[in-house]
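What follows is one structure encoded as structure tokens, with my remarks underneath.
The values are calculated or read from the model by the stated rules, or taken from the named source; none is laboratory data. This is a predicted model, so every value here is computed, not measured. Here the Cβ positions follow ideal geometry from the backbone for every residue, glycine too, while neighbour counts run over all protein chains shown. Side chains included, ligands, DNA and RNA excluded: accessible areas come from the protein's heavy atoms. Shrake-Rupley method; radii C 1.70, N 1.55, O 1.52, S 1.80 Å.
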Amino acid sequence: MIRSYFDAHCDTLWFTHAKGGSLERSSGHVDLARLRDYAPMGQVFALYADSAELAEAERWPYIQGRARDFMAAKAAQPALMENCCLSIEGAELMDCDMAKIDTVREWGVRWVNLTWNHANALAGPHTTDQGLTEAGRDFVRALWQRGMAVDVSHLSDRGFWEIMELGEGPVLASHSDSRALCPHSRNLTDDMARALFARGGFVGINFYADFLGENPTVETVADHMEHFLALGGENGLGLGSDFDGGTLVFDGVEQVPALWTAMERRGHPETLVEKVAFGNLARFMEQLRR
């Protein structure tokens, strides 16, 4: 059985702060106790909060605290967490401030979502037609100059294409599904997916039920995988679970091997499944400055 695992997005740092527990063990979807069952293993932990629920002055201190939680865990178990890093889900949490990019990179942040579900000084979310502001364009260029990626999950369609036209830096959709299979604005159109794969980008399949379709199962997740593979995703498709971020198909990270079984049952060779499980995200990460 395939025991590889590399996931581009979970909200576990938010969950353990809000609900209790720790990265070592929690009542949520992900903890290190369960991640130890995978080898090789990697997990990208999002620095997330609903910015509408925090005063502006509270946002930066909040993600500083969650970053400290992550850095303490990684310092205590560097071998286990060698492939673990951070992302930021909504640049308003860093005040949309380019001067903070170097700081978050030192924490271990490797990419930033310009928006979550609220418009900010950089761009508009998927529920709007608001593209990038001039500040947003400058912010994307600043990420690329520092060897970081920009994450287009949650971004408006217009914002997506403006980023793709802005330059050749690394771009990913860390946790998005197929809009052709489930017509939700959070999902990628076929043209978006093709464009990401063509430039060496990455797409992480999201396990969030609302983005997969009606009454989704593991087979539904495999359907979205199949669809993206047909669009050129063999070297750019992987996981973007959204664990600890809502109601998902899987109840915990320990259940993910059921997806690899579903893919093998559909005739996909183990070499391809290994790419999706770990190799494709590892390849994408190689181009980012550590």
- How about the stretch 186-202: which of its residues are within 21 Å of Asp242 (Cβ to Cβ) and aliphatic (A, V, I, L, M)? Leu188, Met192, Ala193, Leu196
- Filtered residue count, the stretch 119-163, keeping only those that are without any contact (Cβ under 8 Å) to a residue 12 or more places away in the chain and touching a Ser or Thr at 6+ places or on another chain (Cβ under 9 Å): 1
- Since Phe197 meets every condition but one in (1) outside any helix (DSSP H, G or I); (2) closer than 22 Å to Leu237 by Cα; (3) not aliphatic (A, V, I, L, M), which condition does it not meet? (1)
- Residue pairs qualifying under the 6 Å Cβ cut-off, at least six apart or on distinct chains, with the first in the stretch 63-80 being within 19 Å of Ser51 (Cα to Cα) and the second being open to solvent by less than 40 Å² (accessible area, probe 1.4 Å) and among the aromatic types (Phe, Trp, Tyr), are Ala67/Trp107
- State all residues of the stretch 164-191 that are farther than 15 Å from Phe207 by Cα and touching a residue at least 40 places away in the same chain (Cβ under 8 Å); if no residue qualifies, say none. Pro170, Leu172, Ala180, Ser185, Asp190
- Message: Going by what's in this entry, would Met225 be described as closer than 17 Å to Asn113 by Cβ, touching a residue at least 12 places away in the same chain (Cβ under 8 Å) and part of a helix (DSSP H, G or I)?
- Response: no
- What is the number of the single condition among (1) closer than 27 Å to Met98 by Cβ; (2) touching a Gly at 6+ places or on another chain (Cβ under 9 Å); (3) assigned to a helix (DSSP H, G or I) that Ala142 does not meet? (2)
- Query: Going through the stretch 210-221 one residue at a time, which ones are part of a helix (DSSP H, G or I) and under 18 Å from the mean Cα position of the chain (by Cα)?
  - Reply: Asp210, Phe211, Val221
- Taking Ser176 as the residue in question, decide whether it is surrounded by 23 or more Cβ atoms within 10 Å (Cβ to Cβ), modelled with pLDDT of 95 or more and in contact with a Leu (Cβ under 7 Å, 6 or more places away or on another chain). yes
- Item | Output for the stretch 122-138, where each listed residue is surrounded by 24 or more Cβ atoms within 10 Å (Cβ to Cβ) and assigned to a helix (DSSP H, G or I) | Gly136
- Query: Of all residues in the stretch 232-263, which are open to solvent by 70 Å² or more (accessible area, probe 1.4 Å) and either free of Cβ contacts under 8 Å to residues at least 12 places away in the same chain or on the phi > 0 side of the Ramachandran plot (or both)?
  - Reply: none
- Item | Options Asn206, Asn215; residue that is closer than 17 Å to His184 by Cα and surrounded by 23 or more Cβ atoms within 10 Å (Cβ to Cβ) | Asn206
- Message: Can you list the helices (runs of 4 or more DSSP H) lying wholly within the stretch 1-116 that have 3 or more residues being of a type in the set (Ser, Thr, Tyr) and either open to solvent by less than 30 Å² (accessible area, probe 1.4 Å) or over 21 Å from Ser174 (Cα atoms) (or both)?
- Response: none
